Structures are given as structure tokens and as C-alpha cells.
Amino acid sequence: MAYTVHKLTDYSAAALERASDELTSALERETNAVTDESGLKQFRDRWMARKNGVLTQINDLWLKAAPKDARPAVGQKANWLKKHVEGMVEVAKNRLALQRAPLHEYGGFIDLDLRVDRVDISLPGMHRPIGAEHPVIKTTNEMVRVFQKLGYSVADGPVVETDYYNFEALNFPPNHPARDTQDTLFIAGQQSKTQRERLLLRTHTSPVQIRTMEKMRPPIRIVIPGTVHRNDPPDASHTPMFHQIEGLAVDTNITFGDLKGTLDHAMKEFFGSSVKTSFRPSFFPFTEPSAEMYVSCFICGGSGRRGADPCRPCKQTGWIEILGCGMVDPNVFEFVKDNGYDPKKVSGFAFGMGADRIALLKYGVDDIQLFFQGDVRFLEQWA
Ligand SMILES: [Zn+2]
């Protein structure tokens with residue numbers, strides 16, 4: 001039986017609630033009964049028409065007739081019912097639209113309201129631009145490929161590391177001053193754990209060396225790309241998150257000559273066959289001896305000048321520092337000795353470089369922050 005609005009004789013809260021319930025269940029029944037466009041129009045008119053629609057009747061028969069003291073409560077209820085009716089008309093409308101045009105026809109992207117109208121198939125399609133490889137990722141992939149061609153495989157590991165893998169097993173003993181050179185971001189609330197179990201954001205990709213040697217017996221040759229974190233305030237050349245590419249080769253009889261030959265070849269592959277390499281003594285806790293490797297400036301060709309101007313990237317020296325490297329310290333092998341890495345029997349070399357810094361040099365970018373701001377205008381230059 002169709003719903004009609006009755007006059008209220010009792011304006012108590014309970015009576016108002018009963019009348020409202022009667023109305024909403026009728027509304028729900030009639031919403032469900034809408035099956036086509038003309039039904040929808042009838043439904044909308046019956047409930048919302050200014051002249052004699054249900055909502056108008058409520059206004060006249062309930063609100064206007066209400067005694068003064070009941071008016072605020074009736075007014076509140078009438079407002080709520082109005083919103084409810086409008087909502088249910090939308091429901092009926094959307095349900096019809098869905099029946100006419102199942103979601104899959106439009107890939108599910110079109111707003112329900114739009115689907116009620118006709119689809120103009122002569123309109124141009126949605127244009128989805130193809131992205132470009134980020135310069136840091138591109139640099140990383142190119143460098144990794146150079147080592148893959150030399151027979152290296154790619155290894156990776158967790159970014160949230162334990163103190164053990166990030167420091168201790170790499171020959172940074174607790175309280176060793178070398179730890180201070182890597183401003184570490186520690187995970188909070190670790191006081192109850194022993195130092196070696198405490199979690200931190202890895203400050204270098206080197207923990208993956210230990211993790212891989214625990215899993216794989218020698219010989220190994222791995223290249224490790226990944227993100228690392230340090231507590232460095234952002235400026236033109238620093239950022240709290242950056243990218244490293246690291247390598248490790250372990251076998252019997254690996255010498256410093258193998259290290260130099262491998263890296264010299266890799267740099268010629270990456271920067272061009274005319275670059276030269278130069279090794280200068282350095283210190284890292286996990287390699288002994290250690291070196292910094294420079295390549296002849298690929299921007300000025302090693303002259304230190306660009307025409308009449310000084311070459312800024314190499315600071316007019318003709319050389320650019322690219323990476324740190326060295327022979328794996330026997331103390332590091334001690335931590336994985338049980339898996340075949342007896343320092344008396346095997347030797348190896350390791351190297352690590354900053355992918356962001358190489359990308360800065362390679363693409364002539366003067367502010368590392370640009371790599372992390374996600375500004376499409378900057379990024380699409382490499383599309
Ligand atoms: Zn230069």
C-alpha cells in the first residue's frame with residue numbers, strides 16, 4: 001500500500017520516531033521498486049515535488065501544525081528526512097545507471113553520475129603519458145649492467161638493519177670512532193635490546209655483503225644497488241636518503257690488481273673508453289688496504305678547464321672522486337668463516353659508490369634535492 005503522510009496527533013519523541021520509521025521503510029520499498037527512467041521520475045516527484053511531494057506534506061502537516069514547544073524537534077527530524085529522501089533518490093538513480101552500463105564497459109573509471117548521460121564515443125580518449133626513468137635509477141641500472149656483463153649477480157637486503165650487520169660484522173666495533181662518520185638514524189624504543197640487535201636505517205649497502213656471504217659459499221661476485229639513510233640535513237649535495245651501488249668479489253687469490261683491473265674496465269664502460277683511473281690511499285674499517293678511486297674528468301677531458309672557464313665538477317683538478325674500495329679486511333671474513341670464508345684461504349675486494357652523485361655529474365645537475373622533489377618538469381627532461 002502506498003505511503004501517505006498522516007497528521008501527527010502526538011508530538012512526543014517516541015511518536016515522532018514511529019512516524020519517521022514508517023516513512024523511511026516506505027521510502028526504502030519505493031526506492032527498490034524503481035526499475036526504469038519513468039519510474040525514477042515518478043519516484044522523485046512523489047517524494048520531492050515542491051507541490052504536494054511527501055517532503056512538502058511533512059513540512060505542512062508535521063512542522064507547521066506542531067505546537068510551539070515541539071517545533072525544534074520536528075524541524076530537526078524534517079531536515080534529516082529531507083536529506084535521507086534526497087540520498088535515496090540518488091541511490092535509485094545510480095542503481096539504474098549501473099544496470100544500463102556495467103562497470104567493466106568503462107574500465108570502472110567513470111563517475112556514476114556521468115554514466116547516466118550518454119557516452120560520446122567521438123571524444124578523444126584519456127591520455128596517459130608514459131613516464132621516464134628517474135636519472136638516479138637510470139644511472140644505477142646502467143652501472144649494474146656494467147658489472148652484470150662481468151659476471152656479477154645482483155644482491156639486495158633489508159633497509160632496516162641491525163647494528164650487527166650495519167657495523168659490527170663490518171669491523172666497526174662498538175664505540176669505534178669510525179661509527180661517528182656515518183650519522184645514523186636509529187629506530188626508537190630499542191633500549192631493552194643488546195646493541196648488536198638494535199635496529200637502524202642502514203647507512204650503507206655493505207650489510208648485504210655479510211648477508212650474502214652467510215648464504216652463499218665462495219667464490220662470489222655480487223653487485224648491490226639500494227637506498228641508504230644518514231642523518232644529513234638536506235642541502236645541494238646532501239640528502240637523508242640516497243642510493244649506493246656496492247660490489248664484492250671473493251675467491252682464492254684475488255689481488256689488488258684484480259680490483260684495479262675490474263674497476264678501470266667498469267669506468268671505461270660507463271663513462272667512455274677515454275677515461276683514466278687513479279687510486280689514492282684511504283681508510284675504511286672493512287677493507288685493508290683501502291683506496292679512493294678517481295676518474296679523469298669526463299666533463300673537461302682532464303684539462304681542468306672548459307674553454308676559458310674553470311671546470312667546476314672537478315674543481316680544476318682534472319680528476320673526480322667516484323668510489324671507495326679496497327681488499328676485504330680479514331676481520332670481516334672472520335664473521336662468516338664457518339661458511340667457507342677462511343681468511344687464510346680466500347681473499348676479495350669490495351667497492352661502493354653513490355649513485356646520486358654520479359647522476360649529478362653525468363646529467364650536469366647542480367642540486368641533489370631536485371632528484372627527490374618529484375617535480376615532473378625537472379624529471380621529464382630525461383623522458
Ligand atoms: Zn673537469
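Let's see how each residue does on (1) more than 7 Å from the ligand (Cβ to nearest atom); (2) surrounded by 15 or more Cβ atoms within 10 Å (Cβ to Cβ):
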{"position": "281", "(1), (2)": "yes, no"}
{"position": "290", "(1), (2)": "yes, yes"}
{"position": "296", "(1), (2)": "yes, yes"}
{"position": "304", "(1), (2)": "no, yes"}
{"position": "313", "(1), (2)": "no, yes"}
Exercise. Can residue 331 be described as away from the ligand (no atom under 11 Å from the Cβ), in contact (Cβ under 8 Å) with a residue 60 or more places away in the chain and over 30 Å from residue 180 (Cα atoms)?
Worked result: no
Problem set entry | Pairs, first farther than 15 Å from residue 324 by Cβ and open to solvent by 30 Å² or more (accessible area, probe 1.4 Å) in region 245-274, second in a helix (DSSP H, G or I) and of a type in the set (A, V, I, L, M), C-beta under 7 Å, six or more apart | 269/146
For this session: Have a look at 276, 268 and point out the one that is in contact with a strand residue (DSSP E or B) (Cβ under 6 Å, 6 or more places away or on another chain) and of a type outside the set (Asp, Glu).
Result: 276
Exercise. Is it true that some residue in region 319-326 is more than 20 Å from residue 294 (Cβ to Cβ) and in contact (Cβ under 8 Å) with a residue 24 or more places away in the chain?
Worked result: no
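The values are calculated or read from the model by the stated rules, or taken from the named source; none is laboratory data. Treat the numbers as computed from the prediction; the structure is a model and nothing was measured. Please note: Cβ atoms are built from the backbone with ideal geometry, for glycine as well, and neighbour counts cover all protein chains shown. Side chains are part of the model used for accessible areas, which takes the heavy atoms of the whole protein and leaves out ligands, DNA and RNA. Shrake-Rupley method; radii C 1.70, N 1.55, O 1.52, S 1.80 Å.
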